[in-house]
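Enquirer: So that we are looking at the same thing, I have put the structure below in structure tokens.
Each value in this text was obtained by applying a stated rule to the coordinates, not by laboratory testing. What you see is a predicted model, and the numbers here were worked out from it, not measured in a lab. Here the Cβ is made from the backbone with ideal geometry for all residues, glycine too, and neighbour counts use every protein chain on show.
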Amino acid sequence: MTADQTLTDPRDLAAWLESGCKPKSEWRIGTEHEKFGFLTDTLQPLPYHGSRGIRAVLEGLAAQFDWQVSEENGLPIALTQDDGSSITLEPGGQLELSGGLLDNLHQTCNEVNTHLAQVREICEPLDIGFLGLGFHPTAKREDIEWMPKARYVIMRNYMPKVGTLGHDMMKRTCTVQVNLDFSSEADMVAKFRASLALQPIATALFANSPFVEGKPSGFESYRSQVWTDTDSDRTGMLPWVFDQSMGFERYVDWMLDVPMYFVYRDGRYIDVAGQSFRDFMAGKLPGLEGVYPTLRDWEDHMTTAFPEVRLKRFLEMRGADGGPWRRLCALPAFWVGLLYDAENLQACLDLSNDWTLDERQALREDVAKHGLSAKIRGRSVLDISRELVDLARNGLARRQRFNGAGDHEAGFLNSLQEIVDRGSSPAAVKLAAYDGRWNGDLSALFKEFAY
């Protein structure tokens with residue numbers, strides 16, 4: 001199926017998803033993370049233009065390292081490499097690395113470290129820093145510029161119609177996520193169910209966004225809370241994933257009803273926000289009657305759904321706050337250890353398969369506020385986290401992927417082990433510092449936690 005192939009039958013969409021199935025020997029790891037840029041003298045977010053802006057960062061990376069510039073309307077908006085990795089801009093200027101498809105976590109962590117070293121080399125002379133958190137700790141919405149990408153104009157105009165926190169999601173949140181493979185439809189369903197049910201556990205372990213506009217928000221992961229009032233049509237815990245009907249066709253059926261944002265034609269984005277992809281496939285999209293979607297349109301549309309776990313031709317784990325470099329490696333370690341090991345995958349299903357819809361939803365809401373102290377059926381998330389980190393460690397040991405020093409991948413879980421041993425999330429540590437040595441002054445956060 002080619003990118004320009006016309007689509008009229010939903011079965012073709014399911015077949016495209018199914019074409020992502022790979023034998024275990026070809027399973028790979030793709031890691032993405034976002035981070036906030038700031039001016040080190042004022043701690044203000046980066047503008048796009050100017051000698052100390054995001055554009056200067058992109059152009060500096062392209063000039064000094066092996067990145068190719070992608071432009072929109074003559075402005076740099078992304079960088080790419082031949083291995084499929086890219087550096088892109090989120091709506092508020094958050095810088096995102098989308099890494100290549102790698103065999104093991106040693107390669108993943110080397111990729112992250114190389115990227116952060118390159119960014120530091122470009123940014124230090126400009127007095128620019130970057131911070132890994134789930135929500136911007138001090139900036140107001142109006143303090144953050146919109147990036148010059150046409151699709152973001154369409155999204156920001158639509159967001160207030162369907163929720164109150166969509167602009168916060170776009171401008172003030174950062175995440176780290178990992179993309180993982182499956183071997184069959186049954187394997188996809190099992191991994192989807194296990195990871196979706198347990199995504200709140202990852203949210204609690206990685207909770208790292210307790211501040212809003214300089215003060216405690218009352219949430220350990222305010223980023224997670226933001227998603228609850230962004231757009232209910234395209235977010236959430238997808239209860240039907242746990243139904244008997246779940247499969248590639250069922251996911252397609254849901255995506256066909258997720259309202260569209262745009263259609264890209266002849267170098268421009270056409271605003272079709274709120275319209276139906278079903279109508280598009282029937283050639284009945286208002287304003288584009290007689291025009292049918294291509295595979296490229298479907299791929300674009302799939303990027304506009306934001307559930308806690310997202311299916312493409314792989315599965316995306318989307319529940320974690322952004323964080324420091326060690327936790328950028330720990331997130332893929334956690335999920336690879338659980339989902340790429342058959343014994344652990346079954347253990348995850350056994351742990352969560354009798355949780356009810358209401359219990360899963362309550363857990364997802366509670367961890368945003370209470371982190372590791374949230375409970376399900378009287379059992380704390382901390383206790384469950386401890387069990388899952390142990391499982392993941394064993395799963396990574398069984399993978400037998402070693403670095404040059406003879407170490408297997410389980411060492412990348414050490415930052416999570418510290419969290420469960422301590423019994424408090426990264427957010428809780430920052431809240432204690434805010435009440436203690438920082439004396440309510442978050443400028444210290446930028447100094448202690450910058451990359």
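Enquirer: Being in contact (Cβ under 8 Å) with a residue 12 or more places away in the chain, within 27 Å of G404 (Cβ to Cβ) and in a strand (DSSP E or B) is true for just one of L97, L116. Which residue is that?
Expert: Of L97, L116, the one residue that is in contact (Cβ under 8 Å) with a residue 12 or more places away in the chain, within 27 Å of G404 (Cβ to Cβ) and in a strand (DSSP E or B) is L97.
Enquirer: I'm told E142 meets every condition in (1) touching a residue at least 24 places away in the same chain (Cβ under 8 Å); (2) surrounded by fewer than 24 Cβ atoms within 10 Å (Cβ to Cβ); (3) out of contact with any helix residue (DSSP H, G or I) (no Cβ under 6 Å at 6 or more places or on another chain) except one. Can you identify the failing condition by its number?
Expert: For E142, the failing item is (1).
Enquirer: Hey, another quick one. Among the residues of the stretch 115-135, is there at least one that is surrounded by fewer than 17 Cβ atoms within 10 Å (Cβ to Cβ), acidic (D, E) and touching a Ser or Thr at 6+ places or on another chain (Cβ under 7 Å)?
Expert: Scanning the stretch 115-135, I find at least one residue that is surrounded by fewer than 17 Cβ atoms within 10 Å (Cβ to Cβ), acidic (D, E) and touching a Ser or Thr at 6+ places or on another chain (Cβ under 7 Å), so the answer is yes.
Enquirer: Moving to a separate point now. Only residues that are touching a Ser or Thr at 6+ places or on another chain (Cβ under 9 Å) and of a type in the set (A, V, I, L, M, F, W, C): list them for the stretch 180-195, please.
Expert: L180, A194
Enquirer: I'm trying to understand the selection: among the residues of the stretch 260-280, which are assigned to a loop (DSSP other than H, G, I, E, B) and surrounded by fewer than 18 Cβ atoms within 10 Å (Cβ to Cβ)?
Expert: If the condition is that a residue be assigned to a loop (DSSP other than H, G, I, E, B) and surrounded by fewer than 18 Cβ atoms within 10 Å (Cβ to Cβ), then D266, G267, A273, G274, S276 are the ones that fit.
Enquirer: Residues of the stretch 8-42 being surrounded by 20 or more Cβ atoms within 10 Å (Cβ to Cβ) and more than 20 Å from the chain's Cα centre (by Cα), which ones?
Expert: Of everything in the stretch 8-42, those that are surrounded by 20 or more Cβ atoms within 10 Å (Cβ to Cβ) and more than 20 Å from the chain's Cα centre (by Cα) turn out to be L13, W16, F38.
Enquirer: Can you pull out the residues in the stretch 1-60 that are closer than 30 Å to E213 by Cα and in a helix (DSSP H, G or I)?
Expert: Scanning the stretch 1-60 gives I54, R55, A56, V57, L58.
Enquirer: Identify all residues within the stretch 154-194 that are of a type in the set (A, V, I, L, M) and free of Cβ contacts under 8 Å to residues at least 60 places away in the same chain; write none if there are none.
Expert: A186, V189
Enquirer: Suppose the filter is among the basic types (K, R), surrounded by fewer than 16 Cβ atoms within 10 Å (Cβ to Cβ) and within 25 Å of W227 (Cα to Cα); does R360 pass it?
Expert: No; evaluated as a whole, the condition is false for this residue.
Enquirer: Output the residues belonging to the stretch 361-415 that are closer than 17 Å to P332 by Cβ and charged (D, E, K, R).
Expert: Selection gives R393, R398, R399, R401, D407, E409.
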